[in-house]
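Colleague: Here it is: the structure, laid out below.
The values are calculated or read from the model by the stated rules, or taken from the named source; none is laboratory data. Every value quoted in this text rests on a predicted model; they were computed, and no experiment measured them. Here the Cβ positions follow ideal geometry from the backbone for every residue, glycine too, while neighbour counts run over all protein chains shown.
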Amino acid sequence: MNKNNFAPIADAMQKYSADGALAFHTPGHKQGRGAHSLLKNLVTAEGLRQEVSLMEELDDLHSPHSCIKAAEKFAAELWHADDALFMINGTSSAIQAMILATLKPNDLVFVPRNSHRAVTAGLILSGAVPIFLPVDFSAELKIPLNVTASTIRRAIKKFPQARALILTSPNYYGVAADVKGIAEILHAAGMLLLVDEAHGAHLQFCERLPISAMDAGADLAAQSTHKLLGSMTQTSMLMVRKNFVDVDAVRRAASLLQTTSPNQLLLASLDIARLQMAEVGREKILNAIELSQHLRAEVEKISALSTFDAVKDFELDLTKVTVNVEGAGLTGIDAEKILRHKFKVQCELSDAANLLFIISYADDDAVISKLVDALKSMSKAQCVRRDLMRKAQCVMRNDFSYQMPAKTPREIFFAESEIVPLEKSVGRICAEEVTFYPPGIPILNIGERITAEVVKEISALKKIGNRALSDADFIKVLV
Ligand SMILES: Cc1ncc(COP(=O)(O)O)c(C=O)c1O
């Protein structure tokens, strides 16, 4: 079987559909027969015909033995892992599975403060105790950096009994940690490295990008195949290195967190994304890097805008292009709105100072040149909110220095709490996480003491139009 031109899950679905078995089973649309025309237009008649689940020929996500097993094996080989799990509840569930599989209640785990809220959920589920680690913010580039090897060394010295580090690398802006160096430090101390590699599924395909977590020696890596490669939104892969991790425990945890009705189209899309990368990954990712560098060169010609292709002391994923718009008298959030509504260009993320553009394997010269034209026009737009371009630049707090929390996230989640107005919450212990999305990093995490400074920062972020996941006017605090 040549894995470079074969997608086992997609193939099994086509065969099942072609066999013509009459449907007396879920889903209720019965292979599209009952589907509304809107749904048919959306998914296509063929897509609906193949949208069946749990048939013997289609394998079992919870105990793969045929087509899913083959597809996962191909993926593991391509991403240099010992095993790969297909995840259809997002990278969030892959992260939670990594945590549940490796950490028990009261185990200490290092958590850099730039971690996604999925990590908080994993801590609540597992009962593990986070030691939050500081992550620097670049005052020059106005973006969060990553955790350093020396921070990890310090943390290990203070808490030699810790079990693992949950590292996010690269971060949303493409700033990567020294994953290889950190893996060596952790393993020498008998600790595990779990990597949230949501933004790194493409790293494997070009040496000009930061090293992938698996190649760097990580034990587990949760990758958003859907974010930077070609699978459907919500689909991810969990990569496993067997040396220090029990693969069965990882599979049990993943199974616990995944639906019992896996959507076959989502699974097939993971399989096909893997096939696509096996076929053209290297050439396409190299092209994305070249397009990104061309975009940077063009941005630098626009006097009001600036960008960068290197970050001091860290490696950068070049396919993430951050454009600072302050010189145009705009906040990133305003610039995003102008780009979207005046020029029909949508970026991935905006913050107080920047726009972030993801250049993927799907892009070409024509779209980059449209983006450059739009940026040129946008940079001339009038300043609307100069007064708001100040403090609210860091959706991440940094005043955490290797402290053991008084209560675990799990204890706090189940403890007695009350809802109070944000401005009355100063001094209280936060019993939820307050997160702006993107980037999905809690500005206030469960268990943190609420300061006047963070209340001011939340208000400032709301004022410039950042979107909070929960209603940040009121906040849940411990009684
Ligand atoms: C760093 C990071 N980790 C995890 C996630 C969660 O991934 P998903 O949305 O696939 O659940 C995201 C999503 O934005 C992310 O940015």
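Colleague: State which residue pairs qualify: first residue farther than 20 Å from residue 91 by Cβ and inside the stretch 257-286, second residue in a helix (DSSP H, G or I) and modelled with pLDDT under 95 in any location, beta carbons under 7 Å apart, and separation of 6 or more residues or different chains.
Modeller: 278/3; 278/4; 279/4
Colleague: On the basis of being under 17 Å from the mean Cα position of the chain (by Cα), at pLDDT 95 or above and within 11 Å of the ligand (Cβ to nearest atom), does residue 212 make the cut?
Modeller: No: the conditions fail for residue 212.
Colleague: Applying the selection to the stretch 201-240, what residues are in contact with a strand residue (DSSP E or B) (Cβ under 8 Å, 6 or more places away or on another chain) and of a type in the set (S, T, N, Q)?
Modeller: Those that are in contact with a strand residue (DSSP E or B) (Cβ under 8 Å, 6 or more places away or on another chain) and of a type in the set (S, T, N, Q): 212, 223, 224, 225, 235, 236.
Colleague: Answer yes or no: is there a residue in the stretch 228-243 that is modelled with pLDDT of 95 or more, under 29 Å from residue 291 (Cβ atoms) and either away from the ligand (no atom under 16 Å from the Cβ) or among the basic types (Lys, Arg) (or both).
Modeller: No, there is no match, as no residue in the stretch 228-243 is modelled with pLDDT of 95 or more, under 29 Å from residue 291 (Cβ atoms) and either away from the ligand (no atom under 16 Å from the Cβ) or among the basic types (Lys, Arg) (or both).
Colleague: Next question, about the same structure. Tally time: how many residues in the stretch 440-469 are closer than 23 Å to residue 111 by Cα, surrounded by fewer than 20 Cβ atoms within 10 Å (Cβ to Cβ) and within 16 Å of the ligand (Cβ to nearest atom)?
Modeller: Within the stretch 440-469, residues that are closer than 23 Å to residue 111 by Cα, surrounded by fewer than 20 Cβ atoms within 10 Å (Cβ to Cβ) and within 16 Å of the ligand (Cβ to nearest atom) number 3.
Okay, residues lined up against (1) away from the ligand (no atom under 16 Å from the Cβ); (2) in contact with a helix residue (DSSP H, G or I) (Cβ under 6 Å, 6 or more places away or on another chain):
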| position | (1), (2) |
| --- | --- |
| 93 | no, yes |
| 118 | no, yes |
| 123 | no, yes |
| 127 | yes, yes |
| 133 | no, yes |
| 143 | no, no |
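Colleague: Something else about it: Quick check on the stretch 148-159. Is at least one of its residues assigned to a strand (DSSP E or B) and touching a Leu at 6+ places or on another chain (Cβ under 7 Å)?
Modeller: no
Colleague: Any residue in the stretch 281-294 that is assigned to a helix (DSSP H, G or I), within 30 Å of residue 44 (Cβ to Cβ) and among the β-branched types (Val, Ile, Thr)?
Modeller: yes
Colleague: Looking only at the stretch 458-479, filter to residues that are in a loop (DSSP other than H, G, I, E, B) and without any contact (Cβ under 8 Å) to a residue 60 or more places away in the chain; which one of those is nearest to residue 326 (Cα to Cα)?
Modeller: 467
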